[in-house]
Amino acid sequence: MKLLEIQTSVRQDRSVTRTLASKFIYQWQAYHPKAQHYLRDLGAQPPALITNDWVAANLTPASDQTDETRALLATSDTLIAELFASDRLVLGVPMYNFGIPAHLKAYFDQIIRVGHTVDYNRDTQTFEGRLTDKKAIIISSRAGKYTPETPESAMDFCVPYLQFILSFLGIQDVEYVEVPYQGMGDDQQQKATEASIARLMELAKTW
């Protein structure tokens with residue numbers, strides 16, 4: 001079994017999502033000692049933004065690809081192969097300005113490709129994701145409280161977007177663990193953090 005950890009925080013030592021993901025993966029590996037763990041650190045090494053030339057290369061049939069177009073798509077091909085080779089995904093995603101980090105959006109732009117990660121049915125005009133045999137956990141931190149069915153929930157463009165994108169890619173089995181928001185009292189923050197860690201430890205047993 002292979003676990004792909006995708007980290008998106010630009011912080012390293014002080015990243016809450018990195019810390020909780022590390023705790024989860026350490027515990028998960030205790031139950032799966034033969035499992036392989038790979039890290040894709042988008043916060044430290046952001047993928048390139050797609051360009052006009054990239055789009056043109058992506059739309060070029062395989063039989064017409066050249067060394068130049070293949071070079072433009074090389075990063076995308078690598079990231080896609082990495083996804084298909086993985087059985088489990090752990091995403092550490094802090095909310096930045098109510099949405100996902102820009103480098104995670106760049107990552108999705110690199111990997112969401114018709115004929116590679118999704119199929120398009122012209123008759124029904126529908127998409128079908130190819131990553132149907134994966135499970136994912138989203139560990140998300142934020143500096144505010146966006147409880148469902150509250151006015152603040154309308155400002156959360158992070159987790160709903162992630163859930164849609166993963167489903168679009170074919171990943172339906174998704175767990176979500178929210179890291180307590182900043183602004184709580186120290187005692188409340190500590191208790192809430194411990195509860196999030198406890199949930200991750202429970203997920204590690206069966207995930």
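The helices (runs of 4 or more DSSP H) found entirely in segment 1-110 that carry 2 or more residues being touching a strand residue (DSSP E or B) at 6+ places or on another chain (Cβ under 8 Å) and not hydroxyl-bearing (Ser, Thr, Tyr) are 16-31, 74-84.
The residues in segment 142-163 that are basic (Lys, Arg) and at pLDDT below 80 can be counted, and the count is 1. Scanning segment 100-141 for residues that are over 24 Å from Gln36 (Cβ atoms), modelled with pLDDT of 95 or more and of a type in the set (Gly, Ala, Ser) returns Ala102, Ala106, Gly115. Output yes when any residue across segment 156-178 is of a type in the set (S, T, N, Q), touching a residue at least 24 places away in the same chain (Cβ under 8 Å) and in a helix (DSSP H, G or I), and no when none is. Yes, segment 156-178 has at least one match. So which of Gln189, Gln125 ends up being among the polar types (S, T, N, Q) and under 21 Å from Arg18 (Cβ atoms)? The unique qualifying residue is Gln189.
The values are calculated or read from the model by the stated rules, or taken from the named source; none is laboratory data. Everything numeric here is computed off the predicted structure, so don't read it as measured data. We place every Cβ from the backbone using ideal geometry, glycine too, and count neighbours over all the protein chains shown.
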